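Engineer: Below is one structure. I have some questions about it.
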Amino acid sequence: MKNLIHSTNLGARLFSAVLIIFASLVARATPVTTQNIVLRPGWNAVAIRVLPANTDLNSVFNGVAIDSLWAYENNLISPDFIQDVSEQTLAKSGWVSWVPTNRVDAFQNDLSDIQVNRSYLIKYSGTNAFTLTLTGRPSLRSPKWTPNAYNFLGFPVDPGLPPTFLNFFQPSSAHYTASTGLQPIYRLNASGAWQRVAPSDLMAAGEALWVFCKGASDYLAPLKASVLPGDGMTFSAATEKVDLELSNLTTSSANVSFRDLGAPAPNPLSYQSREVATLLAWTALPEPYVSPLEAGATNTHRFGLRRVDMAADLFETVLEITDGLGTRLLLPVTGERPASPAFSASSSSSSSARTQKKGATVQSSLTEVVSHAGLWVGDAILNAVSEAHSGGLSTNFLQGFTISVETNFVTMAVTTNYVPNSVSRTNVSMATTPTGGDFHLRLLLHVDSTGQTRLLKEVIQMWKEAVTSNDASGVTTVTQPGRIVLLTDDSLVGQFSGLATRDGTSVGRRISTAGFDFPDNELPLAGNFALGSSVIGTNSILADFARNPFKHKYHPDHTTGFNIQRVIELQLVPPPTNAPPGYGSSVLNGIYRETVSGLHRTNIVVNGTFQLTRIATAAVLNQ
C-alpha cells in the first residue's frame, strides 16, 4: 500500500488534481432554480426538488405556520398506516420529525436540515392555502428503492404536461406488468387520508407518494438521464466537454427539449452538431434546443462550454430537459475559467473592440496574456511561399489577406487588415503563391506569469514532489502540493521526479522540435500572446554558428556559412462562429508568417496557419 500511495504514476496524480478542482468548483458554484410548493391547511405530502443555500429548517420555514414536519427513514419495513395520517401514527418507528424551535417539544427534534430529492409530510396550521417558494440547486439522482416494499418518493413530473400514473410507471417492470397491472400507489387526499390512485389519474409536480416496488429498481422517470461524474454537468478548468446520455424508456417517440433556465446572451453553453455528413461543429444552445428520441432509443448529447463567451469567472445555470410525455428533469450546470477575465467577450470577441481605448486595450490584452500562461504545443502548416525570381512585389500583400484555418471541429475563413507592429519589417512585402503541398512545422511556446512568450527548441516535463510537514498533533499535512515542472535546462533533471515509469525507472517527458535552431533553448518573442494580437521574434543563425546548414566541417569551400535571419510571427485569431468550447483557453488558432533573409538578395516569405494546444499551465520554467 505504501508503494501505491507514493507512486509517481502520472494518471493517479492527474486524477487527484481533477478531484481537487472538481471539489473546489462544487464549493464555489451553485446553479439555482425555484420550486413552488402549495401548502393546504392540514397534512401535505411534499417532494423537495431543490436544495436551498441555507438548509436549516428554521430558515426554510421562517414565517410559515408549520405545525410539524416528518420524514420516513426506515425503508427496511413497509409502513402500516396507508389509510390514515396522525402524529400518533407517525410517531411509530421509522419516522423522524421537526417542530419549530419556539415549541416546548422542539428538544425532541430528529431533523435539522432539509434535503434535496427527499419527501416529507408537512402539517400546515394556517387557515388558507400558502405557496412556499424554495430557491436552490437541483440534483439529478435516481431514487434508492427498497425492493418489495412501499417507498415514500417524489418524481420529476412536468407541471405543464402531467402524465397519468400508468404512462409514467409503465416502462418499469418493478411498477407495472401486463399481468398484474400497476403496482399500488397512494397519494394524500385533501382530508389527510391516503387514497389509492387509479391508473388514469394525473400525477402532480412536487407531490410525494407511497409507491410499491416489486423487486429491485433504479427507476426515476420514462426519460432516463445519465451524466458522469456527479449529479450535474460540471466543466472544471480541465474539462471542455461533457456527455449527457438520454434514454427513452417508453414505446412512443419523443421530442426532447433542452432549455437553459438562466438564458444568458450569448449563451456559452453549446452542443455538438453535425452540419454536414462529415463535419462536426459546436453550436450555441438555442431556446429551446429540440432533439428527437425514438421509442426505446438511447442518444448521447455532447455539451461544451465556450469560455470566450463567459461573462464571469463562474458560469452557473440550470438545464431543463422535457420529453413532451410528462417528464421534466433539472440538471445543474457549472463551469469555471482562470480567475482573470481573459476570455470574456469584451476582451476577445474582436480586434476592433480593442481599439476603443488604447489604455484599456493594453491592460485587457496584458490580462489575457497572463491567463494564457503555460506550455503550448502545436503545428504550423505552411502552404504559401514567395517566388524569389518572379519580382512580384506587393507593398500591401497582407491587406485583406484571407486564409483558411483548419481545426478539429470547423473550418473558418479569417480575413485580416494587417497593421505592422513596432517590430521592423524591412522587405517583408513579397507576394506569395500557394504551394503544391503543405509543410508541417512543430511549435513549442511558453508563456510565463508576466506575459513573456518564448519559442522553445525542447522542453522536459518532470514532477516536483509535494512538501509535507507535521502539525502539533503529529498529523502529516501537505504544505505545497506536487506539480508538473517544465525544464529547458537539462542539468536540472536530477532535481525532480519523472512523470511515469518505464522499465522500472522514473522518467520525464521530452518534447522537441527540429524546425528552429538558436544558441540557447529559448527565444524570447515580442508582442502580446492574446486573441487578435501577435508575437514576433528573430531566429538569427550566424555564419560561424556550429549548426549553420551551409557550414560543413569537411568541405574546404564551406568553412563558413551565411548569416541567416528568420523573422517569425504568430498572429492569434479571435474565436470564429461555432468555435470549439476550449477555444481561447486550451486551443488557439492563428496565422503563421516567416521572412527569411540571407539566402537570396530578395527576402523569402512563407505564410500558413497554426493550431496550438495548452498541455501544461506551469507559468515558470526550470523551477
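The values are calculated or read from the model by the stated rules, or taken from the named source; none is laboratory data. Computed from a prediction, not measured in an experiment: that's the story for all the values here. Because the Cβ atoms are built from the backbone with ideal geometry, glycine has one as well, and the counts that use them run over all protein chains shown. When the accessible area is computed, the model is the full protein with side chains, heavy atoms only, and any ligands, DNA or RNA have been set aside. Shrake-Rupley method; radii C 1.70, N 1.55, O 1.52, S 1.80 Å.
Engineer: Cβ-Cβ below 6 Å, separation at least six or inter-chain, first residue in the stretch 596-614 and within 21 Å of Leu444 (Cβ to Cβ), second assigned to a loop (DSSP other than H, G, I, E, B): which pairs?
Structural biologist: From residues that are within 21 Å of Leu444 (Cβ to Cβ), the pairs are Arg614/Ser586.
Engineer: If you don't mind, there's one more thing I want to ask. Among the numbered criteria (1) more than 20 Å from Asp438 (Cα to Cα); (2) in a strand (DSSP E or B), which one does Asn607 miss?
Structural biologist: Against the list (1) more than 20 Å from Asp438 (Cα to Cα); (2) in a strand (DSSP E or B), Asn607 comes up short only on (1).
Engineer: Also, I was wondering about something else. Please give the strands (runs of 3 or more DSSP E) falling wholly within the stretch 169-264 in which 3 or more residues are touching a Pro at 6+ places or on another chain (Cβ under 6 Å).
Structural biologist: Qualifying strands (runs of 3 or more DSSP E): 254-260.
Engineer: So Pro524 passes all but one of these: (1) under 35 Å from the mean Cα position of the chain (by Cα); (2) open to solvent by less than 50 Å² (accessible area, probe 1.4 Å). Which condition number does it fail?
Structural biologist: With (1) under 35 Å from the mean Cα position of the chain (by Cα); (2) open to solvent by less than 50 Å² (accessible area, probe 1.4 Å) applied to Pro524, the lone miss is (2).
Engineer: Can you name every residue in the stretch 86-106 that is at pLDDT below 85 and not in a loop (DSSP other than H, G, I, E, B)?
Structural biologist: Correct list: Glu87, Gln88, Thr89, Leu90.
Engineer: Could you check the stretch 542-591 and list, in sequence order, the residues that are loosely packed, with under 15 Cβ neighbours inside 10 Å and among the small types (Gly, Ala, Ser)?
Structural biologist: Residues satisfying the conditions are Ala543, Ala546.
Engineer: For the stretch 1-73, list the strands (runs of 3 or more DSSP E) that sit wholly inside it and hold at least 3 residues that are modelled with pLDDT of 50 or more and under 33 Å from the mean Cα position of the chain (by Cα); which are they? Break it down into steps so the answer makes sense when it comes.
Structural biologist: Working: elements: 33-39, 42-48, 50-52, 66-72.
It comes to 33-39, 50-52.
Engineer: For the stretch 183-195, give me the residue count where each residue is touching a residue at least 12 places away in the same chain (Cβ under 8 Å), out of contact with any Leu (no Cβ under 7 Å at 6 or more places or on another chain) and surrounded by 13 or more Cβ atoms within 10 Å (Cβ to Cβ).
Structural biologist: Residues in the stretch 183-195 being touching a residue at least 12 places away in the same chain (Cβ under 8 Å), out of contact with any Leu (no Cβ under 7 Å at 6 or more places or on another chain) and surrounded by 13 or more Cβ atoms within 10 Å (Cβ to Cβ): 5 in total.
Engineer: Mind counting the residues in the stretch 596-623 that are farther than 30 Å from Met462 by Cβ and of a type outside the set (Ser, Thr, Tyr)?
Structural biologist: 11
Engineer: Consider Trp282 against the criteria (1) of a type outside the set (S, T, N, Q); (2) over 25 Å from Ala47 (Cα atoms); (3) without any contact (Cβ under 8 Å) to a residue 60 or more places away in the chain: it satisfies all of them except one. Which criterion is unmet?
Structural biologist: Trp282 satisfies all of (1) of a type outside the set (S, T, N, Q); (2) over 25 Å from Ala47 (Cα atoms); (3) without any contact (Cβ under 8 Å) to a residue 60 or more places away in the chain except (3).
A quick yes/no check of all residues on (1) at pLDDT 85 or above; (2) open to solvent by 50 Å² or more (accessible area, probe 1.4 Å); (3) under 19 Å from Gln565 (Cα atoms); (4) small (Gly, Ala, Ser):
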residue	(1), (2), (3), (4)
Thr426	no, yes, yes, no
Met430	no, no, yes, no
Pro434	yes, yes, no, no
Arg454	yes, yes, yes, no
Val459	yes, no, no, no
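Engineer: Still on this structure, I have one more. For the stretch 492-521, how many residues meet the condition of being among the hydrophobic types (A, V, I, L, M, F, W, C) and surrounded by fewer than 12 Cβ atoms within 10 Å (Cβ to Cβ)?
Structural biologist: Qualifying residue count for the region: 1.
Yes/no per residue for (1) of a type in the set (A, V, I, L, M, F, W, C); (2) at pLDDT below 85:
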{"site": "Glu287", "(1), (2)": "no, yes"}
{"site": "Ser291", "(1), (2)": "no, no"}
{"site": "Ala295", "(1), (2)": "yes, no"}
{"site": "Thr298", "(1), (2)": "no, no"}
{"site": "Leu375", "(1), (2)": "yes, no"}
{"site": "Ala384", "(1), (2)": "yes, no"}
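Engineer: If you take the residues of the stretch 472-489 that are assigned to a loop (DSSP other than H, G, I, E, B) and at pLDDT 90 or above, which of them is most open to solvent (accessible area, probe 1.4 Å)?
Structural biologist: Initially, the stretch 472-489 is screened for residues assigned to a loop (DSSP other than H, G, I, E, B), giving 472-475, 481-482, 488-489.
Going one step further and asking which of them are at pLDDT 90 or above, we end up with 488-489.
On the way: Thr488: 19, Asp489: 64 Å².
Checking each candidate, the answer is Asp489.
Engineer: Which one of Gly160, Gly136 is exposed (fewer than 15 other Cβ atoms within 10 Å of the Cβ), within 26 Å of Leu246 (Cβ to Cβ) and not acidic (Asp, Glu)?
Structural biologist: Gly160 is the lone residue from the list that is exposed (fewer than 15 other Cβ atoms within 10 Å of the Cβ), within 26 Å of Leu246 (Cβ to Cβ) and not acidic (Asp, Glu).
Engineer: Go through the stretch 490-560 and tell me which strands (runs of 3 or more DSSP E), entirely inside it, have 3 or more residues that are in contact (Cβ under 8 Å) with a residue 12 or more places away in the chain and touching a strand residue (DSSP E or B) at 6+ places or on another chain (Cβ under 9 Å). Steps first, answer last, please.
Structural biologist: Working: elements: 500-502, 505-507, 509-512, 522-527, 534-541.
In the stretch 490-560, the matching strands (runs of 3 or more DSSP E) lie at 509-512, 522-527, 534-541.
Engineer: Here's a follow-up. Before we move on, is Gly206 modelled with pLDDT of 95 or more, out of contact with any Phe, Trp or Tyr (no Cβ under 9 Å at 6 or more places or on another chain) and crowded, with 19+ Cβ neighbours inside 10 Å?
Structural biologist: So Gly206 passes the test.
Engineer: Would you tally the residues in the stretch 95-138 being of a type in the set (S, T, N, Q) and in contact with a strand residue (DSSP E or B) (Cβ under 6 Å, 6 or more places away or on another chain)?
Structural biologist: Qualifying residue count for the region: 7.
Engineer: Just one of Ser112, Ser125, Ser179 is over 27 Å from Ser68 (Cα atoms) and either basic (Lys, Arg) or surrounded by fewer than 15 Cβ atoms within 10 Å (Cβ to Cβ) (or both); which is it?
Structural biologist: Residue meeting the stated conditions: Ser179.
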